[in-house]
Amino acid sequence: MIMKKIYNLTKLLMLAVVLFGTLLPVSAQTIQLGTGTAVNGTTASSPVNIWYRRTVSQFVYTAAELNAAGIVGPCSLQDIGWFVTQSPLYNIPGYTVKVKHVAANNVAAALGTGGWTTVKNSFTYSPTAGGWDMLGLDNAFAWNGVDNIGVELCWSQVTPSYNGSGQCRLYSTPSGYRYSWTDATGSSCGLTPATTNTNKPQVQMVWGNCGPPCSTPNPPSANGVTTSCGNGVTLSASGTPPGGTYNWYSDAAGTTLVGTGASYTTPPLYSSATFYVGAFVSPNCESTLVPVSVNVTSNVTPPTAANVSVNCGNSATVSASGGTNYIWYGDANGANNIGTGNTLSLGTLYADSTVYVANSASSGSPTTLYSQDWQSGQTGWTEQNSGPYWNLLSGQTGSVNTGPAGGSANGTPTAGNNYMYLETSTGAGTSYLIGPGFTVTGQATFEFDYHMFGASMGTLAVEAWNGSTWTEVWSISGQQQTSLGAAWTTISIPLTGYYGVINLRFRGLRGSSFTSDMAVDNLLLTEVVPGCQSNLVAVTATVVPPTAIPVTGVTQICSSNTTTLSASGTSVEWYSDAGGTNVVGTGNSFTTPPLVANTTYYVGENLGASGTYDQTIQVFGGSGLSGSTAFNFPGTPTGATGSPSLTITTYGDIDGTGTNLEQWRVDDETGALVGTAGGTGNFADQCGNTITTVVPLTTAQIDAWAANGSIDFTGVDPTGNINYTLCGGDYLQLKLTYTYNTASPCSAPLAQVDITVDQPSSAPASVSGGGSVCLGTTSTLAVQGGALVGSSNWEWFSNNCGGTPIGTGPSISVTPSTTTTYFVAASANGACPATACANGTVTLPVPSNNLSGNGETATCTVNQGGYIHLLTPAGDLVASINSNGQNLGTVTATSYLETTPLLIDNCNNIGNPNFQVSVNNRHWVITSAIAPSAPVEVLLPTTEAEWQLMGTEAFANGNINDDITNGLADVGCTKYSGPNENANFPDNCGQGGAFTWHSQTSNGNINAMAGLTGHAATDKYITVDVNSFSEFWLHGSSTSSPLPVELVDFSSRCIDGDVAIEWSTASENNSMHFEVESSVDAFNWEAIAVVDAAQFSTSLIDYAILHEGAAREKNYYRLKQVDTDGAYEYYSIIYSDCGSDFDGAPIIFPNPSKNNFTIDFGGSGMKGIVQLTLVSMEGKEVSNRQLNLSEGVSTFQINNLELRPGLYLIKMIDMTGKLFIIKHRFN
């Protein structure tokens, strides 16, 4: 018997825990604030009055009041209640209690909408009169012991009507109570109370874990972890002080406790999450919370999605592939769920839009965990009754005018179908129908059918057990059906936040009489296990802006001209400004006025500066809708007209309050309220209805919001109860519509047409630098007058204007070979053509292609490089001068022609044939106004016949040094400078003038020279470099000697055993030094002295050296003269014998002779074989033979020598070495 009593007691205690929650700790303290018996009037707001059907109120209990009542914090508020003196006639649905710390002592100002802790979740409140009516809090509130405590009450619309009932005790304090009330549908939660009075409710509070302030413990240590999608993970913390523990929370504010202890195992996670852990020391001391991040990695392959392009103002659809279940989001964080499926319509677009898509491993389809239709009895369900009781039935209940006609068959009352109902004929009270335990791993939904017909219908609620407390998750009060046969109502309740083993129970509260039989049928518990989701893939719909209409036509013209432009389209208008306000033309073509400067025009279609903006954005429940959801309307134009509006549509039961649809508040960009929707209901089919609110807007609002090109709204959930799976597919939709009188965001921009207006150059007036010039002269022609503009340049042509281009620039140098007219014009500048030409003529003499005759003269100005050809007036060539760029002024050249080549005497050897030179019969006198300062080139022309005849004469004369053996290349020039510079050579002798030899620098045909190409091939020339002008004579010279031998004297004499060698020069030109050479045999020479020369001289200079000791021997001497350029020549050989007797010398006769002579050795003492050698005065051996004197023959005839006339040495030496050298002249 004792064991049975213990067993029964244990069952009773367990049942009490299940029914009523955990018993309060022994240390709990109960206090009352406020005294007196004053109550609110029947039409005055209070925590229980329903004069208005919906209320929100705020009031403050100060820390001083709590301390005076014996509560010293920190403490935990565990229960709260009002002293009810009169119950309201109707239950109060959606009754919610919130608490927070505040600094204010009263509610002179509203306490705001944020920071509240919901201590009593939304439920249907039936206040009980006659004393303190405690609410039984769902969540404790941790008071810090310092701040005041603010309380907020709110509830949804009372049904069926308002009533002047519901009273509780109050006490008076300034600004003690603030409230707002209305009869509107929906909930007041989240609204701001506006009216104040002095009536603050008396309150009874239950406090636990109170104690003196403690030292806040140090935060614990905890590390984040990584897990794969779909798994739970165990988090660990360390570092708690002795006697302490750890509290784990799902939010940073620490309002939602999810676990305690050193570790916490999370439910299965499908996205990264952050939990928070704090060190806790009893009674109520907690450290700062430490975030612990769980990085959830995806194991699902992302889908493939391509970007799209759409024309402005058109709708766009994006698609995904490569997966099975697709979820679309409006943000990169995956917060706003905007659709599912492989395609998503983005609606009408005015600006680029980017959405994000993920592949989910779950289809989101629900899985059945449990079902019950009562056809097999009430298996698994137990009753706990207090008055009325739950009963299994298949037909009509025993009471009239209440209950269904039968069980639910797809919503139709059907006799024979079992159902459970609350029999209310047995008395008043509350009864429970408790179900079995269920294991939930995902998002669970509890669905069932209910029938509530009866005039005094009470309240039906569903509560869920999370392992520690029962929490109401749904309730409904009052009659819902109108007859026994009315259709059953199906309701779906999301069990958000319930995981693991849970229990469900029905709570039935009898109404005021027996006509309140309520029934339930077709119970179904399902869950949707969130599928692991891939990483998000961004998909962009690019809005292609309209393009400007195409424009054709010439856009570059010359100043003062017009141009015609053409554009396609309708209602085309042409403007002079970018804003399109100043119309300058209409139609598809437009001709400009004459333009003188660059000009820009704009063109577009005038289709009317007005349009309609109509855009809808819908965000779905789940991860899409949150406590604050952003809506962005892109591409909004200003200039709103008419009656703009924002249509707010809400569907589902996000608030989960009875039959009420979800409630949303919509704020503008500044946070100001725009409008609300939802929060009302009493629909027979709650999940089949939507609530739509059309909020009128002003044009000023639209223009202010649209100034930055888009309008943003924010959907705010005022209650925080987001039970978005109640109906499935829950959404909040905003539609913005207005007309505008400005350009549409999809209007094509104006096309810009830039007309480049080029300026013309002015034509040149004339050309300077022309006129008559000598052949070969380079003339510089220059533009006179005119002006260039832009890219224009001066362009020069020959023959005609625009003919053969020959150069550009303000001047040009030309060297024509014939008389030529040159033209110059300013070239085109862009669209402006070239100007007219000016011209100038360079006139040249016409070459006759003949050489000049005797005494013909030509004169030219020579002041530039290149050959200037001096032509006679008849066009005959006299000579050509290249000054190498020097300005010689006027140069005059006269040619002289002899009948035959002249034979010129040596000035010091007049009549001596050995010193005569044959010169060309053409010679010149050339003078310049300005003497050259550096060498100039002189071209001297001659005919083939003239130089050939000169060569023949040179071979025929007695001077071997002027022979021409290599053709024209052997011809050089002697230039005489001094008195009597004329055509006569003999009068140059003895005048003190200078004779200079100039070797040629080149030779060739005259017709190879530019401008002289008409000359015969037999006309030749040589060129020489000279430092001055005078007489010019052509002749050959193998010794590079000028015509007169300038050596006046070369002799020797004996002085006391030495030999003095003396010589004199009449003139010198470029001479560097003299070398005196000595020889004993006239063959082998040795230099014995070097004497510096005067270099330049036109007067007589004497030179002498002393050959010491040479008087004792026979010696030959010769003189070598070396020029500054290294050229040299030898002069005649002389003989010296200061002591010998030449009486026995061989006799040679006649002397001079011609090609033969006789030699007599009688008395010479020479014997045997005698070697006889003839040597020229240059030391060249010209003949060699042997004579035999051994046969007694002493006279020999020497014949047929064929020597050139001149002086020679005859050298004879016998076998004994006896030597004789005798001078001999040949004619």
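Scanning segment 627-656 for residues that are in a loop (DSSP other than H, G, I, E, B) and under 39 Å from the mean Cα position of the chain (by Cα), we see that the one that is modelled with the lowest pLDDT is G635. Under 9 Å between Cβ atoms, which residue pairs at least 6 apart in sequence (or on different chains) link something in segment 227-239 that is within 17 Å of V300 (Cα to Cα) with a partner that is hydroxyl-bearing (S, T, Y) and part of a strand (DSSP E or B)? Taking only residues 6 or more apart or on different chains, the pairs are T227/T297; S228/T297; C229/T297. T301 passes every criterion in (1) in a loop (DSSP other than H, G, I, E, B); (2) within 18 Å of N223 (Cα to Cα) apart from (2). Taking T469, is it over 23 Å from F123 (Cβ atoms), in contact (Cβ under 8 Å) with a residue 24 or more places away in the chain and not aliphatic (A, V, I, L, M)? No, not satisfied. Among strands (runs of 3 or more DSSP E) entirely within segment 213-282, having at least 1 residues that are under 23 Å from V146 (Cα atoms) singles out 244-249, 257-260, 273-281. For L369, the conditions (1) in a loop (DSSP other than H, G, I, E, B); (2) surrounded by 14 or more Cβ atoms within 10 Å (Cβ to Cβ); (3) aliphatic (A, V, I, L, M) are fulfilled apart from (1).
The condition (being within 41 Å of the chain's Cα centre (by Cα), modelled with pLDDT of 85 or more and not hydrophobic (A, V, I, L, M, F, W, C)) is satisfied by just one residue among T260, T274, T266, T288: T274.
Would you tally the residues in segment 904-926 being assigned to a strand (DSSP E or B) and crowded, with 17+ Cβ neighbours inside 10 Å?
Taking segment 904-926 as the starting set, the residues that turn out to be assigned to a strand (DSSP E or B) are 904, 906, 909, 917-919, 922-926.
Retained after the next criterion (residues that are crowded, with 17+ Cβ neighbours inside 10 Å): 904, 906, 917-919, 922-926.
Count: 10.
Just one of the listed residues (S172, S165) is closer than 26 Å to V107 by Cα, assigned to a strand (DSSP E or B), in contact with a strand residue (DSSP E or B) (Cβ under 8 Å, 6 or more places away or on another chain) and not β-branched (V, I, T), and it is S172.
Among the listed residues T680, T659, which satisfies the condition of being more than 18 Å from T629 (Cα to Cα), modelled with pLDDT under 85, buried (at least 18 other Cβ atoms within 10 Å of the Cβ) and in contact with a helix residue (DSSP H, G or I) (Cβ under 7 Å, 6 or more places away or on another chain)? Spell out how you get there, then give the answer.
Details: T680 fails: in contact with a helix residue (DSSP H, G or I) (Cβ under 7 Å, 6 or more places away or on another chain).
So the residue among T680, T659 that is more than 18 Å from T629 (Cα to Cα), modelled with pLDDT under 85, buried (at least 18 other Cβ atoms within 10 Å of the Cβ) and in contact with a helix residue (DSSP H, G or I) (Cβ under 7 Å, 6 or more places away or on another chain) is T659.
Among residues belonging to segment 730-748 that are part of a loop (DSSP other than H, G, I, E, B) and of a type in the set (A, V, I, L, M, F, W, C), point out the one that is modelled with the highest pLDDT. Break it down into steps so the answer makes sense when it comes.
The first filter runs over segment 730-748 and keeps only residues part of a loop (DSSP other than H, G, I, E, B), leaving 730, 741-748.
When the remaining residues are screened for being of a type in the set (A, V, I, L, M, F, W, C), the result is 743, 746, 748.
On the way: A743: 66, C746: 76, A748: 83.
Across segment 730-748, the extreme among qualifying residues is A748.
Check whether at least one residue in segment 1060-1076 is at pLDDT below 85, out of contact with any strand residue (DSSP E or B) (no Cβ under 8 Å at 6 or more places or on another chain) and over 29 Å from N966 (Cβ atoms), and report yes or no. No: segment 1060-1076 contains no residue that is at pLDDT below 85, out of contact with any strand residue (DSSP E or B) (no Cβ under 8 Å at 6 or more places or on another chain) and over 29 Å from N966 (Cβ atoms).
This table checks each residue for (1) at pLDDT 90 or above; (2) crowded, with 24+ Cβ neighbours inside 10 Å.
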site	(1), (2)
T439	no, no
Q443	no, no
F446	yes, yes
L484	yes, no
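Contact map, segment 408-420: first residue assigned by TED's automatic domain parsing to the domain that holds W381 and in a strand (DSSP E or B), second residue crowded, with 16+ Cβ neighbours inside 10 Å and of a type in the set (D, E), Cβ cut-off under 6 Å, separation 6 or more or different chains; pairs are S408/D449; S408/D521; Y419/D521.
Run down G580, G604, G624 and say which single residue is modelled with pLDDT under 95 and out of contact with any Asp or Glu (no Cβ under 8 Å at 6 or more places or on another chain). Of the residues listed, the single one that is modelled with pLDDT under 95 and out of contact with any Asp or Glu (no Cβ under 8 Å at 6 or more places or on another chain) is G624. For segment 134-153, give me each residue that is touching a helix residue (DSSP H, G or I) at 6+ places or on another chain (Cβ under 8 Å) and outside any strand (DSSP E or B). Those that are touching a helix residue (DSSP H, G or I) at 6+ places or on another chain (Cβ under 8 Å) and outside any strand (DSSP E or B): G145, V146, D147.
Among the conditions (1) touching a residue at least 60 places away in the same chain (Cβ under 8 Å); (2) assigned to a strand (DSSP E or B); (3) under 30 Å from Q479 (Cα atoms), the only one that N199 does not satisfy is (3).
The values are calculated or read from the model by the stated rules, or taken from the named source; none is laboratory data. Keep in mind it's a predicted model, so treat the numbers as computed, not measured. Neighbour counts are summed over all protein chains in view; Cβ atoms, including those assigned to glycine, are modelled from backbone coordinates with ideal geometry.
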